[in-house]
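Below is one structure. I have some questions about it.
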Amino acid sequence: MRDHIDMPQGSADWSATRDRVETYFDRTATRVWAALTSDAPVSRIRATVRAGRDQMRALMLSRLPADLTGARVLDAGCGTGAMSVELAARGAEVVGVDIAPNLVDIAQRRLPVHLAGRVHFVAGDMLSSSFGRFDAVVAMDSLIYYSQTDLLNALTTLAERSPQTVFTVAPRTPVLMAMWHTGRLFPRADRSPTMVPQSAARLARALPGLRAVQRVTSGFYISQCMEHLS
Ligand SMILES: C[S@@+](CC[C@H](N)C(=O)[O-])C[C@H]1O[C@@H](n2cnc3c(N)ncnc32)[C@H](O)[C@@H]1O
């Protein structure tokens, strides 16, 4: 059974974005997201997204030691738990937290029995101070909805708890920016939270220890891996 934790006192903007994200992933898109993150057949377009996400997960994992035995790792915005499984398979003790309880339930159900003792799934906010300290934090595509200010504040908060945060942003490519300006990044009707494209260079200037790692582009999936060392 998953836990549910109290919400931290983030900024009003952070809470408003987080609430929209929760509504989307916990209600509107739960089934679509469950399918995308499984090996169920999907459309050709979604298959490119799935392939890109697999590539990104591998890239992010490559920033951590291959053997994570004894390391404590936070999977921040764990969704249906694929990253948590990979981390635990490398020996880590994992806290997988997500704001969408329905996704956390799916993650719990998908967790292989032999890894059950190493992963603790929790429904709540990734910035909750109740989780303690970590050797690393990974946040795959879970910070992409937050403003630059909220993102930098989140990274600063996570850095107080862990020396390394590996995360992704939506890059400011001409295509993503044009879609963002015209409100076409997502159709309005599906009420999905809007991604906020970020400039990797601007972020790196704003926070010492922050740097761009690599971009992954696969069909409709475009995501920039970044790392913050403190
Ligand atoms: C695009 S999904 C990615 C999920 C997972 N990391 C993966 O790559 O499969 C973004 C996830 O971040 C979660 N999320 C966003 N903001 C969060 C927050 N403040 N605390 C916890 N989870 C959050 C969402 O609920 C959603 O499951």
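When all C-alpha to C-alpha distances in segment 106-154 are sorted into bins of 10 Å, what percent of pairs does each bin hold, rounded to whole numbers?
Each 10 Å bin holds this share of Cα pairs: 17, 45, 30, 7, 0.
Next question. Springs between alpha-carbon pairs under 10 angstrom, Gaussian network model over the chain: which of Ser218, Ser130, Ser162 fluctuates most?
Highest fluctuation among the options: Ser130.
For Gly79, what residues show an amide H to amide H distance below 5 Å, using hydrogens built from the backbone and excluding near sequence neighbours?
Residues meeting the amide H criterion: none.
Let me ask you something else. I need the per residue convex hull volume for the chain, using only the alpha carbons, in cubic angstrom as a whole number.
117
Using alpha-carbon pairs under 8 Å, 6+ residues apart, how would you state the relative contact order of the chain in percent? Before the final figure, lay out the partial values.
Values: 425 pairs, mean separation 52.4, N = 230.
RCO, the chain: 23 percent.
Roughly what % antiparallel, to the nearest 5, for the DSSP beta bridges in the chain? Let's see the in-between values first.
Details: 14 of 33 bridges.
Close to 40 percent.
Then there is this: Along Cα→Cβ, 7 Å out, is where each label goes; now give me the distance between the ones at Ala16 and Ala40 in nm to one decimal.
Modelled inter-label distance: 3.4 nm.
Same structure, new question: Computed FRET efficiency, Cβ-Cβ of Ser129 and Arg202, R0 35 Å: what is it to the nearest 0.05?
Values: r = 28 Å, r/R0 = 0.80.
Efficiency for this residue pair is about 0.80.
Using a Förster radius of 25 Å, what is the FRET efficiency between Thr173 and Arg31 based on their Cβ-Cβ separation? Nearest 0.05, please. Could the numbers behind the result be given before it?
Details: r = 29 Å, r/R0 = 1.16.
The formula returns an efficiency of 0.30 here.
Each value in this text was obtained by applying a stated rule to the coordinates, not by laboratory testing. Here the structure is a predicted model, which means the values were calculated and not measured. Every residue, glycine as well, gets a Cβ built from its backbone with ideal geometry; the counts of neighbours run over all protein chains shown.
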